[in-house]
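Participant: Below is a structure I'd like to ask you about.
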Amino acid sequence: MDRRDFLHVAAFVPVLAAAPPPDWAGLRRQLTGTLVLPGDAGYARARRLYNPAYDAIKPGGVAYCANASDVARCLGFARANGLPVTARSGGHSYAGWSTGTGLVIDVSRMNGVSYAAGRATVGAGAKLIDVYEQLGRHGVSIPAGTCPTVGIGGLTLGGGIGVVSRKYGLTCDTLESVKIVTADGRLLTCDSGHHAGLYWACRGGGGGNFGVAVSFTYRTHATRDVTVFFLHWPWAKARAAVRAWQAWAPYAPDELWSTLHLTRGLGGLDVQIAGVYLGGKAALDRLLTPLTGKIGRTSSRSVRSVSYQKAMMIMAGCVSRTVEQCARTPRTSFSAKSHVAYRPLPAAGVRTLVDGVARRGRHSVLLDALGGAIGRVGPQATAFPHRAALFSVQYYADGMDRRWLRDIHGDLAPHFGDHAYVNYADPDLRSWRGAYYGPNAARLAEVKATYDPDRLFRLPQGV
Ligand SMILES: Cc1cc2nc3c(=O)[nH]c(=O)nc-3n(C[C@H](O)[C@H](O)[C@H](O)COP(=O)(O)OP(=O)(O)OC[C@H]3O[C@@H](n4cnc5c(N)ncnc54)[C@H](O)[C@@H]3O)c2cc1C
């Protein structure tokens, strides 16, 4: 090393050794929104996700961004200080991947919902219940999920399966454009003609990978009265219910969506088939007859025609609550795993499933019908690949003990194969890339390299 090189290196050493701490106060001054830091009154609340299991994670700061410029400033701050950065909308990530030790960019204040001429523009931080309620005032809606407090942001970016998806598609199928702030701080409007690769990736590629979405524009559908139903059988009918449901639900008319729940809870073992029909009671009865005929007599049956809005509240578990109460649904400690089923379960698989649910603990398995409009989109037309699947399978356990989940998931893997839904993020999955994305993994990696070449956005299972 000559003298000049030595001086050059020496000049850097003290700088590296004493990198200044992040100027959080400076960031606070730059934001229109609110930055909450450790020690602030709102910090304990600001760092919470839906699942209390992640309460111990302590971010360096939580920025409630008011607009896209705030988001860009936060990204610049994270880049300049080498801080991990995490986007958060509704905070429902199964794996807790919307918090971290660095800067959390929370978009929940960007939650406006507006409607004009068949299009809804929704801020990325809106909760599903607010989307349903505010679009409902215009007599329109979009297909989205059931949980009232899930964020439209995470839901859309990963796909979005809901009770009218067999008729109207996944949430991402109705997405016409998305505004997203990329790692370099640019605000991009992506649609089929602009940044088409990123637009494609934002329809099923999963949140937290490509940038921070700030708003979405969706094609809406007109709402109408619908019929909701809840049928229960004694546990002795569980196998018959699985056999009959899987041969019926994915092939029903698009207007009929249903879900089969096998539950072991405080009340014992339960078999439930519930759903929403975009039509009247008499027509639904005719469609249910072949199903109930195969399973046998129900132990309870409730079939009600209600407004579309009311149906969304009922399916959200808010049957006798106001929208405001529903939006304050309490947090829940749970853990989960998933499969996506491309084939019906054979007899041995049905036995494994039913016997697995009957094992000790408080848990459930939910089979949600796919097919219909979901299946009429090509597997590579959007980043969501599971277009040919029959149903999704969710394994839920109360609390954070994953032993039952791992057992039943492992026992059923030979039947369901290696497919999973990215919105049911599963930290255990080793071959997650193929499971979540199938044939779309390579194109997603290209989009990532184009829009986030330095990998500012990192997830344990990041594209
Ligand atoms: C009780 C419950 C019910 C559910 N029901 C359904 C259902 O009916 N249908 C269905 O399809 N799914 C459902 N899900 C799964 C849900 O779609 C995912 O958990 C989804 O990712 C949650 O989105 P979020 O914005 O609430 O979560 P968050 O935890 O905020 O985000 C999830 C992921 O997306 C990233 N992200 C969040 N916001 C942005 C943004 N603006 N830009 C970029 N990345 C972002 C986060 O970094 C994180 O990685 C349910 C989940 C729960 C807990």
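No value in this document is a laboratory result; all are computed from the given coordinates. Quantities reported herein were computed from a predicted structural model and do not represent experimental measurements. Using ideal geometry, Cβ is built from the backbone for each residue, glycine included, and neighbour counts are taken over all protein chains shown.
Participant: Using DSSP, restrict attention to beta bridges with both residues in the range 40-177 and report what percent are antiparallel, rounded to the nearest 5.
Facilitator: Details: 5 of 13 bridges.
Antiparallel: roughly 40 percent of the beta bridges in the range 40-177.
Participant: Provide the per-residue ³J(HN,Hα) series for the range 337-347, in order, calculated from phi with Karplus coefficients 6.51, -1.76, 1.60 and θ = phi - 60°, each as a whole number of Hz, with x at glycine and proline positions.
Facilitator: Karplus-based 3J(HN,Hα) across the range 337-347 equals 9, 8, 10, 10, 8, 9, 9, x, 6, x, 3 Hz.
Participant: List the lysines whose alpha-carbon lies under 25 Å from that of LYS237, not counting same-chain residues fewer than 8 positions away?
Facilitator: The reachable lysines, counting only those whose Cα sits under 25 Å from LYS237, are LYS281, LYS294, LYS337.
Participant: For the range 50-92, compute Rg over Rh where Rg is the Cα radius of gyration and Rh is the Kirkwood radius from the inverse mean 1/r over Cα pairs. Let's see the in-between values first.
Facilitator: Values: Rg = 11.7 Å, Rh = 11.8 Å.
Dividing the radius of gyration by the Kirkwood radius yields 1.00.
Participant: Can you work out the Karplus-derived ³J(HN,Hα) for every residue in the range 271-281? Use 6.51 cos²θ - 1.76 cosθ + 1.60 with θ = phi - 60°, whole Hz, and x for glycine or proline.
Facilitator: 3J(HN,Hα) across the range 271-281, in whole Hz: 10, 9, 10, 10, x, 10, 10, 7, x, x, 5.
Participant: May I pose another question? Using 1/(1 + (r/R0)^6) with R0 = 35 angstrom and r between the beta carbons of THR101 and GLU446, what's the FRET efficiency to the nearest 0.05?
Facilitator: On the way: r = 29 Å, r/R0 = 0.84.
Here the calculated transfer efficiency is 0.75.
Participant: So between ARG455 and ARG406, what do we pick up on full extension, going 0.36 nm a residue minus the alpha carbon distance? Don't jump to the answer; show the numbers that get you there.
Facilitator: Numbers: separation 49, 0.36 × 49 = 17.64 nm, distance 3.08 nm.
This chain segment gains 14.6 nm when fully extended.
Participant: Given H placed 1.01 Å from N in the peptide plane, which residues other than close sequence neighbours of HIS419 have an amide H under 5 Å from its amide H?
Facilitator: VAL340
Participant: Could you let me know the centre-to-centre spacing of the range 261-314 and the range 63-78, using Cα atoms, in angstrom?
Facilitator: 45 Å
Participant: Check the chain for me: any Cys whose beta-carbon has no other cysteine beta-carbon within less than 4.7 Å?
Facilitator: That list is CYS65, CYS74, CYS147, CYS172, CYS190, CYS202.
Participant: Going by the alpha-carbon gyration tensor, a ≥ b ≥ c the square roots of its eigenvalues, is the chain rounded (a/c under 1.5) or, if a/c is not under 1.5, prolate (a/b greater than b/c) versus oblate? Let's see the in-between values first.
Facilitator: On the way: a/c = 1.95, a/b = 1.70, b/c = 1.15.
Taking the square roots of the gyration eigenvalues as a ≥ b ≥ c, the chain is prolate.
Participant: Rounded, prolate or oblate: which one fits the range 289-397, using the alpha carbon gyration tensor with axes a ≥ b ≥ c (rounded when a/c is under 1.5, else prolate when a/b beats b/c, else oblate)? If you can, show how the numbers build up before the last one.
Facilitator: Values: a/c = 1.35, a/b = 1.17, b/c = 1.15.
Rounded is the answer for the range 289-397, as its axis ratio a/c remains below 1.5.
Participant: Same structure again: Working out 0.36 nm times the residue gap between ALA282 and SER320, then minus their Cα-Cα distance, what length gain in nm do you get to one decimal?
Facilitator: Numbers: separation 38, 0.36 × 38 = 13.68 nm, distance 2.52 nm.
So the extension gain works out to 11.2 nm.
Participant: What FRET efficiency would be calculated for the residue pair VAL306, LEU269, taking the C-beta separation as r and a Förster radius of 35 Å, to the nearest 0.05?
Facilitator: The calculated FRET efficiency here is 0.75.
Participant: Now for a different question. Efficiency by 1/(1 + (r/R0)^6): what FRET value for ILE57 and ALA196, r their Cβ-Cβ distance, R0 = 30 Å, to the nearest 0.05? List each step's numbers first, then the result.
Facilitator: Values: r = 36 Å, r/R0 = 1.19.
Efficiency at R0 = 30 Å is approximately 0.25.
Participant: Contour minus end-to-end for GLN30 and ARG224, with contour as 0.36 nm per residue of separation and end-to-end as the Cα-Cα distance?
Facilitator: Numbers: separation 194, 0.36 × 194 = 69.84 nm, distance 4.58 nm.
So the chain would gain 65.3 nm between GLN30 and ARG224.
Participant: Something else about it: Quote the relative contact order of the chain in percent (integer), defining contacts as alpha-carbon pairs under 8 Å separated by 6+ residues. Show your work: numbers first, answer last.
Facilitator: Details: 1022 pairs, mean separation 72.0, N = 463.
Normalised by residue count, the contact order of the chain is 16 percent.
Participant: What fraction, in whole percent, of alpha-carbon pairs in the range 226-436 exceed 28 Å separation? Walk me through the numbers before you get to the answer.
Facilitator: Details: 6481 of 22155 pairs.
Considering the range 226-436, 29 percent of its Cα-Cα pairs are separated by more than 28 Å.
Participant: Here is a further query. For LYS179, give me every one of the lysines with a C-alpha distance below 21 angstrom, ignoring sequence neighbours fewer than eight places off in its own chain.
Facilitator: Straight-distance partners of LYS179: LYS127, LYS448.
Participant: Report, by chain and number, residues whose modeled amide H sits under 5 Å from the one on LEU390, excluding near sequence neighbours (fewer than 5 apart, same chain).
Facilitator: ALA341, TYR342, ARG343
Participant: So, one more: Non-local amide H neighbours of VAL214 (under 5 Å, H modeled in plane, Pro and chain starts lacking H): which ones?
Facilitator: Here LYS179, ILE180, VAL181 satisfy the definition.
Participant: Would you mind classifying the range 89-202 by shape? Square roots of the alpha carbon gyration tensor eigenvalues, ordered a ≥ b ≥ c; an a/c under 1.5 is rounded, otherwise it is prolate if a/b is larger than b/c and oblate if not.
Facilitator: Details: a/c = 1.56, a/b = 1.19, b/c = 1.31.
Note, shape of the range 89-202 comes out oblate.
Participant: With runs of 4+ DSSP H residues as the only contributors, calculate the mean residue ellipticity of the chain at 222 nm using -39,500 (n - 2.57) per run, divided by the residue total and rounded to the nearest 500.
Facilitator: Working: 16 runs with 148 residues, N = 463.
So the calculated ellipticity at 222 nm is -9000 deg cm²/dmol.
Participant: Sequence neighbours fewer than 8 away in the same chain don't count; with that in mind, list the aspartates and glutamates whose C-alpha is under 17 Å from LYS167.
Facilitator: ASP225, ASP254, GLU255, ASP368
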